[in-house]
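Trainee: Structure in structure tokens, see below.
The values are calculated or read from the model by the stated rules, or taken from the named source; none is laboratory data. Owing to the predicted nature of the structure, the values given are computational and were not obtained by experimental measurement. Positions of Cβ are backbone-derived with ideal geometry, glycine not excepted, and every protein chain shown enters the neighbour counts.
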Amino acid sequence: MQLIPSRHYWRAEGSKLWRQPLAWIALSALFAVLLASAVSAGLDARAWRSAAALDVAARAAAIDSATAQLQTPPGPAAAIAAYELGCGDLGVTRIPVQAGLGLGVQRLSVLPTRLKASLDNRLVESRDPGPLRNPLLNDTGLPGVPAMVALLLPLVALVLCGGLLQEEREHGRLGLLRVQSTHGMWPLVAAALGWRCLCIWAVTAVATLPALLLDPGSNAPVTLAWIGALAVFTSVWVVLGGCLSWVPVSGASSMLAALGLWLALTFAVPAALALAAERAAPMPSRLLSIVQIRTAQQESEAHEQDLAKAWYAAHPGVQAPATAVWPATFVARALGQEAALGPLARSFDARRAEQAAFVNRWAWVSPGLALVLWGEFLAGTDAASQLRYRDQVDAFEQRWRQFFMPAVMERRGLSAEDLKKLPAFGPAD
């Protein structure tokens with residue numbers, strides 16, 4: 001049996017595909033939809049990077065503005081100014097993203113991407129800067145480029161590949177093809193599937209490239225990684241469609257089987273994996289978490305003086321007043337709440353990490369899910385990157401508090417020279 005079709009088979013099957021109007025219609029529709037999605041994603045990625053580039057200038061302007069607030073002698077006013085500065089927007093961070101941002105930029109609308117280091121308890125008294133958003137409404141937006149590919153490319157592949165041999169049999173040409181082919185049916189089918197795989201992959205690659213080309217932060221390795229993933233994804237669905245064409249059923253039955261396969265691998269399997277992940281690593285009770293949060297708030301409010309004394313005792317270099325007053329008591333209370341609720345927050349993060357690892361481990365069962373997760377990985381918006389960002393913000397917040405806490409608790413405030421040493425969020429956190 002000839003494993004690799006000769007050029008005669010390639011020429012014949014290419015000519016046949018060229019003369020099929022259905023192939024042109026399907027490929028054109030796929031190209032148009034993916035191109036529109038890719039252009040939108042590329043522009044969104046460009047806008048995100050532009051906003052990130054403005055953060056440095058905005059931070060410098062905010063520091064200049066804050067300098068005027070610090071022109072007060074040591075005392076309550078200086079401590080209040082330092083406290084307000086430590087709780088203000090200077091502590092806002094932005095999630096680090098990767099070169100493939102255009103492949104996962106839609107995730108930025110639902111993820112907490114602007115966490116803020118603060119003197120307050122970020123676990124219960126803080127929210128993302130910016131306007132209020134409804135995550136449910138954001139979730140109903142258009143899917144990203146990888147998701148659009150995962151939804152549409154299999155349909156086109158199955159339409160062009162499913163029922164390939166059944167159609168020849170129903171038109172009475174299968175026997176003639178067997179007689180004409182000296183090496184059996186395999187070279188014919190391999191050449192036909194090869195042309196379809198090449199056309200679908202080329203159309204998809206060209207249509208989705210604007211998502212990366214319009215992003216000024218993209219690079220060649222990410223582009224090659226995405227194109228390679230598209231080649232593997234296309235090959236999988238073309239092979240599945242080709243296998244269905246060998247099944248001894250009618251063409252209509254073959255197409256129904258192809259539709260069922262698409263529904264199962266694209267929707268049923270990811271849903272089953274999500275359910276299995278939740279059962280493998282169940283989240284802590286949210287109701288009990290609310291009770292713990294309320295208990296921690298009440299306990300800290302009732303013992304704020306004790307919490308302040310404990311902080312002064314742990315920092316002998318800071319002069320302790322006879323009685324702590326606001327904002328020192330409020331900061332000590334916030335730290336006490338965070339110490340009590342920290343294990344609870346870490347348990348949620350640990351379960352999310354376990355669920356994400358479970359889904360990543362079994363994502364190969366669903367080609368579409370694997371492609372979407374790969375796109376998020378290239379963009380830096382996957383679950384692991386989000387958890388890593390939270391850890392970086394926690395580390396930055398520790399440095400942030402080490403800078404502001406003595407000035408607030410000692411009621412001496414900050415000077416303009418002190419602001420030159422203001423911690424900044426970066427990859428080192």
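Trainee: Confirm whether Gly86 is farther than 30 Å from Phe330 by Cβ, modelled with pLDDT of 80 or more and not polar (S, T, N, Q). Even if it seems obvious, please write down each step before you answer.
Mentor: Details: farther than 30 Å from Phe330 by Cβ: no; modelled with pLDDT of 80 or more: yes; not polar (S, T, N, Q): yes.
When the stated conditions are applied, Gly86 does not pass them.
Trainee: Still on this model: Hey, does region 239-256 have a residue that's in contact with a helix residue (DSSP H, G or I) (Cβ under 8 Å, 6 or more places away or on another chain), at pLDDT 90 or above, assigned by TED's automatic domain parsing to the domain that holds Leu151 and hydrophobic (A, V, I, L, M, F, W, C)?
Mentor: yes
One line per residue, one yes/no per condition, for (1) assigned to a helix (DSSP H, G or I); (2) over 37 Å from the mean Cα position of the chain (by Cα); (3) surrounded by fewer than 19 Cβ atoms within 10 Å (Cβ to Cβ); (4) modelled with pLDDT of 85 or more:
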| residue | (1), (2), (3), (4) |
| --- | --- |
| Ala51 | yes, no, yes, yes |
| Asp55 | yes, no, yes, yes |
| Ile63 | yes, no, yes, no |
| Ala68 | yes, yes, yes, no |
| Ala78 | yes, yes, no, no |
| Ala82 | yes, no, no, no |
| Leu90 | yes, no, no, yes |
| Ala99 | no, no, no, yes |
| Gly102 | yes, no, no, yes |
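Trainee: Continuing with the same structure: May I ask you to list the residues in region 207-221 that are over 18 Å from the mean Cα position of the chain (by Cα) and either small (Gly, Ala, Ser) or closer than 13 Å to Gln98 by Cα (or both)?
Mentor: Answer for region 207-221, where residues must be over 18 Å from the mean Cα position of the chain (by Cα) and either small (Gly, Ala, Ser) or closer than 13 Å to Gln98 by Cα (or both): Ala207, Pro216, Asn219, Ala220, Pro221.
Trainee: Also, I was wondering about something else. Among what's in region 167-215 and is β-branched (Val, Ile, Thr) and closer than 26 Å to Ser250 by Cβ, pick the residue that is modelled with the highest pLDDT.
Mentor: Out of the qualifying residues, it is Ile200.
Trainee: Still on this structure, I have one more. Would you point out the residue of region 393-429, among those that are surrounded by fewer than 19 Cβ atoms within 10 Å (Cβ to Cβ) and within 27 Å of Ser109 (Cβ to Cβ), that is modelled with the lowest pLDDT?
Mentor: If we take residues in region 393-429 being surrounded by fewer than 19 Cβ atoms within 10 Å (Cβ to Cβ) and within 27 Å of Ser109 (Cβ to Cβ), then Pro427 is modelled with the lowest pLDDT.
Trainee: Of all residues in region 33-50, how many are over 12 Å from Val206 (Cβ atoms) and in contact (Cβ under 8 Å) with a residue 40 or more places away in the chain? First the steps, then the outcome.
Mentor: Narrowing region 33-50 to residues over 12 Å from Val206 (Cβ atoms): 33, 36-37, 39-50.
Still in the list and also in contact (Cβ under 8 Å) with a residue 40 or more places away in the chain: 33, 37, 39-46, 48-49.
Of the residues in that region, 12 qualify.
Trainee: Give the residues of region 216-228 that are aliphatic (A, V, I, L, M) and buried (at least 20 other Cβ atoms within 10 Å of the Cβ), sorted by residue number.
Mentor: We begin by selecting, within region 216-228, every residue aliphatic (A, V, I, L, M); these are 220, 222, 224-225, 227.
Matches in region 216-228: Val222 only.
Trainee: While we're looking at this one, here's another question. Inside region 217-236, can you point out the residues that are assigned to a loop (DSSP other than H, G, I, E, B) and touching a helix residue (DSSP H, G or I) at 6+ places or on another chain (Cβ under 6 Å)?
Mentor: Gly217, Ser218
Trainee: Okay, next question. Could you check Gln292 against (1) over 21 Å from Pro343 (Cα atoms); (2) part of a helix (DSSP H, G or I) and say which number it fails?
Mentor: For Gln292, the failing item is (1).
Trainee: Now a separate question. Residues to consider are Ala58, Ala32, Ala45; find the one that is among the small types (Gly, Ala, Ser), touching a helix residue (DSSP H, G or I) at 6+ places or on another chain (Cβ under 9 Å) and assigned by TED's automatic domain parsing to the domain that holds Ala191.
Mentor: Within the list Ala58, Ala32, Ala45, the selection yields Ala32.
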